[in-house]
Amino acid sequence: MASLPYIVGNWKMNGTRAMLNEARAIDRAAARLPRVQVAVAPPATLIYRTREAVELIGVGGQDCHVKESGAFTGDISAPMLKDAGADFTIVGHSERRTLHGETDEVVRTKAETAFSAGLATIVCVGEIEAERDAGNAEAVVGAQVEGSVPRLEGAVDKLTVAYEPVWAIGTGRVPSVEDVAAMHKAIRAKLVTIYGDAGAQVRILYGGSVKADNAAELLSIPEVGGALVGGASLTAESFLAIVGAAA
Ligand code: PEP
């Protein structure tokens, strides 16, 4: 596993220019925490300005189109994200899978398009509550990993996987330490099956209601290489409390 914990804030559809002050504050604090890798994924309208406002932290997109350009009104391509200053993009977030009907195949194509455009990728996977209750969580997530991660030569080196149980996103509920550990172990095994030794180096983040008061425990779980943070990333204060727990 890569050595530095990676804490990524997903701002979702939140933020206008005033949010740049939060990005600046996060960036200033990150300079004092060299043992954590920090990034934010603002809405696309703020990527360029965030890139200009910060020096150290990563800046990413929240999604990209499967194609590089074309007649897709309202969509944003990976080369456009790159041109705006993004270093990476999230793909396959459960809100995209659920609200936009994205399949594993679509997510994989997006991840490959992003890699081809020079972006690192964070591929999200996670089970819904009924799947966990039925005892199928590891099988479901294993199949998502299998179907969603990029297979282009070299893409594994720029890949992060985020395990985000759908029922934990924005709900204040988190799985037990044992369940997170078991799932991350299963994802690691799947990545090694897919990529061989390179799969052992892929960072696996946990996401879903990570807050200041549970971050240290979640981040101490074996194979948890960081966190993907939604709601608690919207102010520098709450996000930095999580970043601090990783330092
Ligand atoms: C997310 O949507 O990626 C997420 C983890 O959200 P939250 O932290 O708000 O649960």
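A compact table of results
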| read-out | value |
| --- | --- |
| Residue within the stretch 39-57 that is buried (at least 18 other Cβ atoms within 10 Å of the Cβ), within 16 Å of the ligand (Cβ to nearest atom) and under 19 Å from Thr113 (Cβ atoms) present | yes |
| Options Val161, Val123, Val156, Val174: the member that is on the phi < 0 side of the Ramachandran plot, hydrophobic (A, V, I, L, M, F, W, C) and assigned to a loop (DSSP other than H, G, I, E, B) | Val174 |
| Number of positions in the stretch 133-153 that are in a helix (DSSP H, G or I) and without any contact (Cβ under 8 Å) to a residue 40 or more places away in the chain | 4 |
| The stretch 210-243, residues that are within 10 Å of the ligand (Cβ to nearest atom) and either in a loop (DSSP other than H, G, I, E, B) or modelled with pLDDT under 95 (or both) | Val210, Lys211, Gly230, Leu234 |
| Residue within the stretch 20-36 that is surrounded by 21 or more Cβ atoms within 10 Å (Cβ to Cβ), in contact (Cβ under 8 Å) with a residue 40 or more places away in the chain, under 26 Å from His100 (Cα atoms) and within 16 Å of the ligand (Cβ to nearest atom) present | no |
| One residue from Thr121, Thr50, Thr98 being closer than 26 Å to Glu153 by Cβ and of a type in the set (Ser, Thr, Tyr) | Thr121 |
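The values are calculated or read from the model by the stated rules, or taken from the named source; none is laboratory data. Because the structure is a prediction, the values reported are computed rather than measured. Using ideal geometry, Cβ is built from the backbone for each residue, glycine included, and neighbour counts are taken over all protein chains shown.
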